[in-house]
1. How large is ³J(HN,Hα), in whole Hz, for each residue of the stretch 32-37 in order, when computed from phi with the Karplus curve 6.51 cos²θ - 1.76 cosθ + 1.60 and θ = phi - 60°, using x for Gly and Pro?
2. At a 1.4 Å probe radius, which order do Arg31, Arg79, Arg147 fall into by accessible area, largest first?
3. How much length is gained on full extension from Val68 to Ser13, taking 0.36 nm per residue of separation minus their Cα-Cα distance?
4. At q = 0.17, 0.18 Å⁻¹, what log₁₀ I(q)/I(0) does the stretch 53-152 have when each alpha carbon counts as one equal point scatterer in the Debye sum?
5. For the pair Phe53 and Ser75, what calculated FRET efficiency results from E = 1/(1 + (r/R0)^6), where r is the Cβ-Cβ distance and R0 = 22 Å, to the nearest 0.05?
Amino acid sequence: MVSDESGNPRLASQVFDELQSDRERLAEHFRAPKWLAPGFGLIAAAYVSTPAFPGRQADDFVLIVALVACILLVSNYRRATGVKISRFGAREWVVFAASVLSSLGLLSVSLGLAAAGLQGWIAAPAFAAFALMTWLASLIYSSMRERLRHVS
C-alpha cells in the first residue's frame with residue numbers, strides 16, 4: 001500500500017498505472033529534431049562520395065570531418081532536446097550495424113565507379129546513402145522512443 005500526498009492509501013497497481021501513463025506522455029514528447037536524421041544522411045553521403053575527391057588526403061579529411069560531424073550532431077541533439085543518449089538496445093545496435101555495413105558497401109560501389117572512370121555516377125550511391133541513412137537514423141530514434149514507452 002502506498003500513500004499519496006494527502007495521506008490517502010493507493011494500491012501499487014494504481015501507482016504503476018500512473019507511472020505507465022507518465023511514460024506514455026514522455027514518449028509522446030520525445031521527438032527528434034527535424035535536422036537529426038537528414039544530418040546523418042548528409043554525413044553518409046559525403047563519406048560515400050569520397051572517391052570523387054582528388055588525392056589521398058581528401059579521404060582522410062572527409063573521414064575526420066564525418067566523425068566530427070557525428071559528434072556535433074549528437075551533442076547538438078542533447079542541447080536541443082535535453083536528452084542524453086546513454087545506451088542502445090539490441091534493435092538499435094542491429095540497425096546501427098546495418099547502417100555501418102551499408103555505408104561501407106556503398107563506398108565500395110563508389111570506389112568501383114571511380115576506378116572505372118565513371119566519376120559522375122558516384123552521385124548515385126551518395127544519394128542512396130543519404131536516403132538510407134536518413135531512414136535508418138529515423139528507425140533508430142523511433143526504436144529508442146518505443147523502448148522508452150515500454151520500459152518496465
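1. These are the phi-based 3J(HN,Hα) values: 7, x, 4, 8, 5, 5 Hz.
2. Correct descending sequence by accessible area is Arg79, Arg31, Arg147.
3. Full-extension gain reported as 15.1 nm.
4. Reported log10 I(q)/I(0), two decimals: -0.91, -0.99.
5. 0.25
The values are calculated or read from the model by the stated rules, or taken from the named source; none is laboratory data. Since the model is a prediction, treat every value here as computed from it, not as a measurement. We place every Cβ from the backbone using ideal geometry, glycine too, and count neighbours over all the protein chains shown. The accessibility values were calculated without ligands, DNA or RNA, using every heavy atom of the protein model including side chains. Shrake-Rupley method; radii C 1.70, N 1.55, O 1.52, S 1.80 Å.
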